[in-house]
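Input: a single structure, listed below in structure tokens.
Bear in mind these aren't lab numbers, they're just calculated from the coordinates by the rules spelled out. Source: prediction; values computed, not measured. Note that we place each Cβ from the backbone using ideal geometry, even for glycine, and neighbour counts take in every protein chain shown.
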Amino acid sequence: MSEPVGRDEKETLYRRLFDEAEAGGYHLNPDVDFTMELVEGLIVNQRRYGYPACPCRLASGLKSEDLDIICPCDYRDPDLDDFDACYCGLYVTGRILDGEIPLRPIPERRPPEEERKRREKTGDSAALPGTLSHPVWRCRVCGYLCARDNPPEICPVCKAKKDRFERFI
């Protein structure tokens, strides 16, 4: 039986996640009790698997198979773009943070295991050779570049808002 997660350990990780999120232009869920439950799940998964797998998904225990669900997971940014929160609700947009809209259930975006294994086996990364799988966005204020479907809500470098980004490639 594993050792229970102490309050100090949860608060330390919460503070680190909060600081990293805010520095990177992200926000943690403002429901601190809910968020602390997720933080505890990350700690439990770190102890169990050696990496902080998303506490709302079933990890395989093999890091190579779970790279896409190590927090922050590969699906966080598309979920924030489409639903204003990530799948587990740890990360939210400013609209949820400010109480403009409520946190809603998020559909699972992670492909089924068979599809993930097929993609890994064939090397299919959803991009043709010589093409990009995502557009590249440039912050017009500081020049920060990121490749994703939509620009970030806030630039992680200069804190400019989403409307200050332009499609670069």
Mind checking which residues of the stretch 47-82 are of a type outside the set (Asp, Glu) and loosely packed, with under 15 Cβ neighbours inside 10 Å? 47, 48, 50, 58, 60, 61, 62, 63, 64, 67
Working only within the stretch 22-65, note down all residues that are touching a Phe, Trp or Tyr at 6+ places or on another chain (Cβ under 7 Å) and among the small types (Gly, Ala, Ser). 59, 61
In the stretch 138-155, what residues are touching a residue at least 24 places away in the same chain (Cβ under 8 Å) and surrounded by 16 or more Cβ atoms within 10 Å (Cβ to Cβ)? 138, 139, 150, 152, 153, 154, 155
Residue count, the stretch 17-40 (criterion: over 15 Å from the mean Cα position of the chain (by Cα) and not acidic (Asp, Glu)): 4
So residue 19 clears everything in (1) farther than 15 Å from residue 88 by Cβ; (2) surrounded by 12 or more Cβ atoms within 10 Å (Cβ to Cβ) except one condition, right? Which one? (2)
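Quick check on residue 34: is it out of contact with any helix residue (DSSP H, G or I) (no Cβ under 9 Å at 6 or more places or on another chain), in contact (Cβ under 8 Å) with a residue 40 or more places away in the chain and surrounded by 12 or more Cβ atoms within 10 Å (Cβ to Cβ)?
When the stated conditions are applied, residue 34 passes them.
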